[in-house]
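To keep things clear, I will list the structure first and then write my remarks on it.
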Amino acid sequence: MSTVSEVTKDTKHRPYNFSAGPGALPEAVLLEAQSEMLDWHGTGLSVMEMSHRSKDFAQIAEEAEADLRELLNVPAQYKVLFLQGGASGQFAAIPMNLLAGKDRADYLVTGFWSQKAYEEAQKYCKANLVASGQSGHFQSVPEPDSWRLSKGAAYFHYTDNETIHGVEFPFVPEVTCPLVVDLSSNILAKPIDVSRYALIYAGAQKNFGPAGLTLVIVHEDYLGRALPNTPSIFDYTAQAANDSMVNTPPTYGWYIAGLTFKWLKKLGGLKEMEKLNIAKAKILYDAIDGTRHFENRVAKECRSLMNVPFFIKTEVLEKQPELEKRFLDEAKKARLLTLAGHRSVGGMRASIYNAMTREGVQALADFILQFDESIK
Ligand SMILES: *Cc1c(COP(=O)(O)O)cnc(C)c1O
């Protein structure tokens, strides 16, 4: 069986992609997929053309799950599901599966995505807003002292890394009810303690695969309790009983995710990844903090390792409103792509997921410093 590392690397010709999602994938993974595109392991078939019930796909699926379990150190009492519907599908699936006769759940809002999860949950239950970072423009995690937890909550939901606002939790919330986390934009960026959670979910397209695949890791204690009108494809119990194949799963995404898991293992696993990610983020934040005209507004202890929003200071932009566009145009010419901030917040944002190399981050840091010098 070929491995990711055997594929020759040629990074010279591709630009650096700072897209927030779908985000960059490791080049070694793309090259491996390319080399197997027409003929997976001598079968004469592309993975895209295989039956999900075939022996060959079963091997791909099982290896991906085994590698993921190893990387995240997932305890045996947890089911790993490979689903569709995106993280947004889980905003609904979570209350449908976890309410289990209760009428309320707690939601902590620290940015755009946790707000969306909170709003969707209101269709199914009394979603209690524990606290919101909105009045502080989502630049930090509200102090746990200020959280208003409800009695009898079925679960507590939070978003560990806010992809748009660049706010990442520096701690795991301490609550007495089951803990549910959206890890869409920082899963596999660092080790986590899975046993702290009732449920972990993540869309693949930020940090480990193509759009269309959604990962759910759920403790078996929370199975068997879905609302009766839960669609089968969103019913964790049904999916767990059918190896995530209640219907045709996103086979190609599952395969690419599997290649990414092998790539991560080869690099030394999540401890190594975390070291690399800390080093990369430091290069970028140091550069931004070292300029006269740029700023990142997130409280230092909550700065995301993965998504770095940055702005030209308001007083500078007021006098020279054309600077943002000039920055993005010149960055593109320098082969630094997809740096525009989310439409809801503006400014710039660099997403530096696992697949972004240190060289890429250094190139961006150098570019920011150079651009800063050029501002009169
Ligand atoms: C992108 C993102 C989502 C939404 O993902 P979809 O797969 O588009 O539904 C939810 N949460 C976080 C943290 C995200 O980054």
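Every number here is computed from the coordinates shown, using simple stated rules; none is lab data. Computed from a predicted model, the values in this text were never measured in an experiment. Here the Cβ positions follow ideal geometry from the backbone for every residue, glycine too, while neighbour counts run over all protein chains shown.
Between Lys126 and Ser344, what FRET efficiency comes out of the Förster formula 1/(1 + (r/R0)^6) with R0 = 25 Å and r the beta carbon distance, rounded to 0.05?
That gives a FRET efficiency of 0.40.
Which FRET efficiency, nearest 0.05, do Ala211 and His41 yield, Cβ-Cβ r, R0 30 Å?
Taking R0 as 30 Å, the efficiency between Ala211 and His41 is 0.75.
At a 10 angstrom cut-off on C-beta neighbours, averaged per residue, how do the peptides 23-32, 231-240 rank from highest to lowest?
My ranking of the peptides, most packed first, is 23-32, 231-240.
Run through region 65-153 and list the GluC sites (Glu not before Pro) located in a DSSP loop whose Cβ has at most 12 other Cβ atoms within 10 Å.
none
Once you put a point 7 Å from the Cα of Ser374 and another 7 Å from the Cα of Ala238, both along the Cβ direction, what distance in nm separates them?
Here the modelled spin labels are 5.6 nm apart.
What trypsin sites (Lys or Arg not before Pro) does region 125-218 have in DSSP loop regions with at most 15 other beta carbons within 10 Å?
Values: sites: Lys126, Arg148, Lys151, Arg196, Lys206; in loops: Arg148, Lys151, Lys206.
Filter output for region 125-218: Arg148, Lys151.
Strictly over 27 Å apart at the Cα level, which of Lys280/Lys333; Lys116/Lys325; Lys206/Lys376; Lys126/Lys271; Lys123/Lys151; Lys282/Lys325 would you flag in this model?
Working: Lys280/Lys333 22 Å; Lys116/Lys325 29 Å; Lys206/Lys376 36 Å; Lys126/Lys271 39 Å; Lys123/Lys151 20 Å; Lys282/Lys325 25 Å.
Violating the 27 Å limit, Cα to Cα: Lys116/Lys325; Lys206/Lys376; Lys126/Lys271.
If you put +1 on each Lys and Arg Cβ and -1 on each Asp and Glu Cβ, how big is the dipole of region 191-295 around its Cα centre, in Debye rounded to 20? Kindly include the intermediate steps, with their values, before the conclusion.
Numbers: 11 positive and 10 negative charges, 81 e Å.
The calculation lands at about 380 debye.
Using only the Cα atoms of region 143-232, build the gyration tensor, take square roots of its eigenvalues as a ≥ b ≥ c, and label the shape rounded, prolate or oblate: rounded if a/c is under 1.5, else prolate if a/b is larger than b/c, else oblate.
Values: a/c = 1.79, a/b = 1.05, b/c = 1.71.
Oblate, since a/c reaches 1.5 and b/c is not below a/b.
Who wins for biggest fluctuation among Gln134, Gln115, Gln84 in a Gaussian network model of the chain, springs between alpha carbons below 10 Å?
Evaluated over the chain, the most mobile residue of the options is Gln134.
For region 268-374, what class follows from the C-alpha gyration tensor (a ≥ b ≥ c being the square roots of its eigenvalues): rounded when a/c is under 1.5, otherwise prolate if a/b is larger than b/c, else oblate?
prolate
Which percent, nearest 5, of DSSP beta bridges in the chain are antiparallel?
55 percent
Given points 7 Å out from each Cα along the Cα-Cβ axis, report the Glu49 to Ser146 separation in nanometres with one decimal.
5.8 nm
To make sure I understand the rule: partners must be aspartates and glutamates, Cα under 19 Å from the Cα of Lys265, and not fewer than 8 residues away in the same chain. Which ones qualify?
Cross-link targets: Glu6, Glu27, Glu32, Glu62, Glu63, Glu65, Asp67, Glu70, Asp193, Glu274.
Can you give the convex hull volume per residue for the Cα atoms of the chain, as a whole number of Å³?
135 Å³
Out of Asn186, Phe169, Asn296, whose Cα points farthest toward the positive end of the dipole of the chain (charges: +1 Lys, Arg; -1 Asp, Glu; placed on Cβ)?
Positive-most Cα among the choices belongs to Asn296.
Can you give the FRET efficiency for Lys325 and Glu359, using 1/(1 + (r/R0)^6), R0 = 30 Å, r = Cβ-Cβ distance, to the nearest 0.05?
So, using R0 = 30 Å, E works out to roughly 0.70.
Any idea which of Asn307, Gln59, Ala24 is furthest toward the positive side of the dipole for the chain, if Lys and Arg beta-carbons carry +1 and Asp and Glu beta-carbons -1?
Asn307
About the Cα centre of region 268-374, how large is the charge dipole given +1 on each Lys and Arg Cβ and -1 on each Asp and Glu Cβ? Please answer in debye to the nearest 20.
In debye, rounded to 20, region 268-374 gives about 300.
Can you give the three extents of the C-alpha atoms in region 26-152 along their principal axes, from longest to shortest, in whole Å?
Here the spans come out as 59, 35, 27 Å, largest first.
Describe numerically, in nm with one decimal, the distance between label points set 7 Å from Cα along Cα→Cβ at Lys313 and at Leu227.
Calculated label separation equals 5.0 nm.
Separation of region 329-376 and region 219-269 by C-alpha centroid, Å?
35 Å
If we count other beta carbons within 10 Å of each Cβ, what is the order of Asp289, Asp56, fewest first?
Values: Asp289 12, Asp56 15.
Ordered by Cβ neighbours within 10 Å, fewest first: Asp289, Asp56.
Quote the charge dipole size of the chain about the Cα centre in Debye, to the nearest 20; the model charges only the Cβ of Lys and Arg (+1) and of Asp and Glu (-1). Intermediate values should be presented prior to the final figure.
Values: 40 positive and 45 negative charges, 117 e Å.
It works out to roughly 560 debye.
Between Arg14 and Lys300, what is 0.36 nm times their sequence separation minus the Cα-Cα distance? Round to one decimal in nm.
Between Arg14 and Lys300, full extension yields an extra 99.7 nm.
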